[in-house]
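Asker: Following this message is one structure expressed as structure tokens.
Bear in mind these aren't lab numbers, they're just calculated from the coordinates by the rules spelled out. What you see is a predicted model; the values in this text were computed from it and never measured. With ideal geometry, Cβ positions are generated from the backbone for all residues, glycine too; neighbour counts draw on all protein chains shown.
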Amino acid sequence: MKPPRLLIYAILLLATLTACKNKEEPYFYESNRKGAAEAPVKDVPKDILAIQQAFTNVVKTVTPSVVNISTVSKKKLVQPFFEFSPFFGDFFGGKQQPQYRRENSLGSGFIINKEGYILTNDHVVKDAESVQVKLSNEKVYNGKVVGEDAKTDLAVIKINTQETLPTAVLGDSDKLQVGQWAIAIGNPFGLDRTVTVGVVSATGRSNMGIETYEDFIQTDASINPGNSGGPLLNVNGEVIGINTAIVAAGQGIGFAIPINMAKQVVGQLIKKGNVTRGWLGVSIQPVTDEIAQSFGLKKARGALVSDIMAGGPAEKAGIKQGDVITRLAGKEIKDPRQLQLIVADIPAGQKVDVEVYREGKPLTFPVTLASTDSAAALKPNSTEPQAGWFGLMVEDIPHNMRIRGLTGVIVTGIEPDGKAAEAGLQKGDIIVSVNQKRVANLNDYGKAMKEAERKGSVALLVKRGENSIYFAIKIR
């Protein structure tokens, strides 16, 4: 007897369902491709692959020279207010000794030669009682700080080892262009040899309040605590900067010290542990558009000498207050910051030509730069200046001031809404020159001001206490 057709269909359906149940889906799909043809995306542009390979090559080549630096330092604890009271000992017995605590910190660095010298930031190793350096092969060595320069935030440490050390290659940061690739390697938050990539966002960043000498490279390659002292690289694997600081309130804003600045410092740190810089002996301020017009300059450029250090190199060479320094050692001076950096890079004792603009004429003076160490032995005629003008009430300076050698006119009143008040002039300021012409009294002042009115602008040199200040104002 044949089984019913319906029963046969039921058996076949059950078998099919059982087979489907036993055939499970894979947990994942693994690529077994041997080339781009088998990849999910088969048309990746060649230039993207080339860039990726370039980054990989840089990391493989340079990472072995990057080190992890850990330090232990002793920090003094701030005592409660009442412990500073002279009666504290009477109540608690004996004089209280200062309290200290140990602090651990992490940073980065990179090996610059096979003798074991490592370049890093000064703030990474400052006040360190012990320094440990971990290499890319996980070996750990004790490090010794051989030199520090707080003004550029650079330091050199040394490890002693018999093994052959991988070294970084220093590039030329003067050739950097905004938009070029930038690769940062370091140890952010202790994460060894982290690589981040970005671009050079800007060069020549200054007035950041981070260091005395600032000429930062700005980059959006991620830099975090622990990256300090690590290298910033170009796509050729050359070090172009030393990662130093971040803007905590923003993202993608990091700063690196240009490697060319470090080159000027490293040799001195290794040889003698500190840095001696060239010193010109002047106080300087920017040349504004108003000052440029008053002095007859075609454009606002250079550094205005607002004061001269008595006995300094500039005074000995013949440079005067009111000169505008336009070139030094063959390099054009665009602003005071550039002058400061150039002078600092020149060794003490070297003779350089300084070109100035004085009363409508370019003049050149050979100046032998002194050491910054010698600056402390000399007193300035005055300290750093500022600037100001119109709505002024002036009088001849009192007789007792003339006895002290002062000449000029004294500001006895100032209109609150006048141009002079807006520029910053104050009651009690002594005006000693108008448009670079000395004024001895009210008569001289009046003549000079009438001439300035015809010119349309005025530059006043003002004595305020111990400070000499230039004020430039447009009259109309």
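Asker: Using just the Cα positions, wrap the stretch 185-241 in a convex hull and report its mean projected area in square nanometres, one decimal place.
Answerer: So the Cα hull casts an average projection of 4.1 nm².
Asker: Give the long-range amide H neighbours of A221: residues separated by 5 or more places, or on another chain, with amide H under 5 Å away, using H modelled in the peptide plane at 1.01 Å from N.
Answerer: G198, V199
Asker: When only Cα pairs under 8 Å and 6 or more residues apart are kept, what is the percent relative contact order across the stretch 100-185?
Answerer: Averaging sequence separation for qualifying contacts and normalising by length gives 30 percent for the stretch 100-185.
Asker: What distance in nm separates the two pseudo spin-label positions at K114 and K474, each 7 Å out from Cα along the beta-carbon direction?
Answerer: 6.4
Asker: Can you pick out the pairs among K151/K298; K427/K474; K298/K463; K144/K351; K134/K351; K427/K455 whose Cα atoms lie more than 32 Å from each other?
Answerer: K151/K298; K144/K351; K134/K351
Asker: Students often check this: by mean Cβ neighbours within 10 Å, which of 40-52, 284-296 ranks highest, and how do the rest follow?
Answerer: Going by the mean number of other Cβ atoms within 10 Å, highest first, we get 284-296, 40-52.
Asker: For the stretch 252-308, state which trypsin sites (Lys or Arg not before Pro) are in a DSSP loop and have at most 15 other beta carbons lying within 10 Å of their beta carbon.
Answerer: Taking the stretch 252-308 and a limit of 15 other Cβ atoms within 10 Å, the loop trypsin sites (Lys or Arg not before Pro) found are K298, K299.
Asker: Just the number: Rg to Rh for the stretch 144-245, Cα atoms, Kirkwood Rh, two decimals.
Answerer: 0.97
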